[in-house]
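Q: First the structure, then my questions, so here it is.
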Amino acid sequence: MNTFLTRFANKAAKFIEKGGIVAFPTETVYGLGANVFDEKAIEKIYIAKQRPSDNPLIAHISNINQINDLTSEITSSAAVFIRAFFPSPLTLVLPKSKKVPLIATANLQTIGIRMPNHELAQKFLNFCDVPLVAPSANLSGKPSPTTWQAVAEDLDSRIECILQGETTEIGLESTVVDCTSDVPLILRAGAITLEDLQKIVPETRFHIVSATEPAKSPGMKHKHYSPRAKVYLVNLPILEIQKNSAFIGLKSPNSNFKFVKICNSIEEYAHEIFAFFRECDQRNLSSIYCETVEEIGLGVALMDRIKRASEN
Ligand code: TXA
Ligand code: MG
């Protein structure tokens, strides 16, 4: 491995200061950070990840005052969500300020803003002293990384620094909410649920993607979360299974799988899913059976990721 691993937030921040990019842990998944105001550094993110250039990035902050540099307007719904939830796995989309370069937002006039609820991430962001744009630190299309080892697996030799932390606590990416109009719209489900958001702003809705309208969240139309193995969504009991396959779910499948993970809760299932996908590929398995769960609370986000993985 020729990646420079460091446990030290202040050393990692020096790479950002010099215009570099750094992978770092958050409570959701590992991110790949660059100074939000440094166009050249942001370009390095798109190259390292092989990310489509029309997919905007999320700006990460460690201090509420930094929002003022990023946005031209804090809408009323955003103001109450910030008060209720920040720091947390919640990204708010707001009109962007002139100071933010268009490469950060893939030419959109809006910007996603999030304050991670993670001690090492906050320490690192504090040392950087600027907000960092940070997509998930995986190769585009692959499952998001929940460990520093998964980051290294995808990006070793493509990036200079990984801030080595623990396995991420949640395991799915943040909830993304468009707060630019009167009705807040959830563009991506996450650990902050519809129910959580509706307690603060009752009008909050899921955005329904229409075939004719331009995508509100361009990233959601790209290939995502896909292991090499084919992913199937299943209900138990499973009557027929492919050879060389794995199972993950809440109940025992009572079938002959090569690799099985039974989770005790939806939270554990969400926490494990991306690492499980990666492990199945390492074991050269050809199919992964994922038990469907009820689409309420965190189950919405989990089913969203599994469905997308199964579409590839
Ligand atoms: O939990 C997370 O959000 C992680 C960690 C590292 O913070 N980051 C992450 O970033 O998942 P990424 O780039 O993998 O996903 C960002 C998502 C994409 O679906 C993108 O389209 C959407 O957020 N997004 C970002 N800025 C947006 C904007 N201005 N308008 C609409 N959607 C936006
Ligand atoms: Mg991603």
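The values are calculated or read from the model by the stated rules, or taken from the named source; none is laboratory data. In this text, all values refer to a predicted model and were calculated from it rather than measured experimentally. Using ideal geometry, Cβ is built from the backbone for each residue, glycine included, and neighbour counts are taken over all protein chains shown. When the accessible area is computed, the model is the full protein with side chains, heavy atoms only, and any ligands, DNA or RNA have been set aside. Shrake-Rupley method; radii C 1.70, N 1.55, O 1.52, S 1.80 Å.
Q: Return a whole-number percent for the relative contact order of the chain, with Cα pairs under 8 Å and 6 or more residues apart as the contact set.
A: Answer for the chain is 20 percent.
Q: Heavy atoms of the protein only, probe of 1.4 Å, neighbouring chains included. What is the accessible area of Lys99 in Å², nearest 10?
A: 120
Q: Sorted by average packing, counted as other Cβ atoms within 10 angstrom per residue and highest first, what order do 12-18, 171-177 take?
A: Order by mean packing, descending: 171-177, 12-18.
Q: Between the range 140-194 and the range 229-283, what is the C-alpha centre distance in whole Å?
A: The distance from the Cα centre of the range 140-194 to that of the range 229-283 comes to 22 Å.
Q: Defining a contact as two alpha carbons under 8 Å apart and six or more residues distant in sequence, what relative contact order in percent does the range 43-168 show?
A: Dividing the mean separation by the residue count of the range 43-168 yields 31 percent.
Q: Please compute the contact order of the range 156-312 in relative form: average sequence separation of alpha-carbon pairs under 8 Å and at least six residues apart, divided by the residue count, as a percent.
A: 27
Q: Ordering Val36, Val234, Val209 by accessible area with a probe of 1.4 Å, largest first, what comes out?
A: Val209, Val234, Val36
Q: Near Lys18, which aspartates and glutamates are there with a Cα under 12 Å away, not counting those fewer than 8 places off in the same chain?
A: The reachable aspartates and glutamates, counting only those whose Cα sits under 12 Å from Lys18, are Asp38, Glu160.
Q: Here is a follow-up. What distance in nm lies between label points placed 7 Å from Cα along the C-beta direction at Glu268 and Lys18?
A: About 4.4 nm, to one decimal.
Q: Could you list, in their original order, any pairs among Lys11/Lys40; Lys98/Lys216; Lys199/Lys251; Lys40/Lys96; Lys49/Lys258 whose Cα atoms are separated by more than 28 Å?
A: From Lys11/Lys40; Lys98/Lys216; Lys199/Lys251; Lys40/Lys96; Lys49/Lys258, over 28 Å: Lys199/Lys251; Lys49/Lys258.
Q: Let me know the Kirkwood hydrodynamic radius for the range 217-312, please, with Cα pairs as the basis and the value in Å to one decimal.
A: Taking every pair of different Cα atoms in the range 217-312, averaging 1/r and inverting gives 13.4 Å.
Q: Taking the solvent-accessible surface of protein heavy atoms with a 1.4 Å probe, what is the per residue accessible area of the range 38-98 in Å²?
A: The answer is 44 Å² per residue.
Q: Sticking with this one: Report Rg/Rh for the range 85-226, rounded to two decimals, where Rg is the Cα radius of gyration and Rh the Kirkwood radius.
A: 0.96
Q: Hey, what's the range 122-218 come to in accessible area per residue, 1.4 Å probe, Å²?
A: Using a 1.4 Å probe on heavy atoms only, each residue of the range 122-218 averages 43 Å².
Q: Please give, to one decimal in nm, the separation of the simple spin-label points placed at Leu102 and Thr167, each 7 Å out from Cα toward the Cβ.
A: Label-label distance for Leu102 and Thr167, simple model: 4.4 nm.
Q: Could you work out which residue, out of Ser77, Ser157, Ser226, moves most in a Gaussian network model of the chain, that is, has the largest mean-square fluctuation with Cα springs under 10 Å?
A: With Cα springs under 10 Å in the chain, the top fluctuation among Ser77, Ser157, Ser226 is at Ser157.
Q: Take the alpha carbon atoms of the range 80-100, find their center, do the same for the range 20-63, and report the distance between the two centers in whole angstrom.
A: After rounding, the separation between the Cα centres reads 17 Å.
Q: What's the carbon and sulfur percent of the chain's accessible surface, probe 1.4 angstrom, rounded to a whole number?
A: Using a 1.4 Å probe with all protein chains present, the chain comes out at 48 percent carbon and sulfur.
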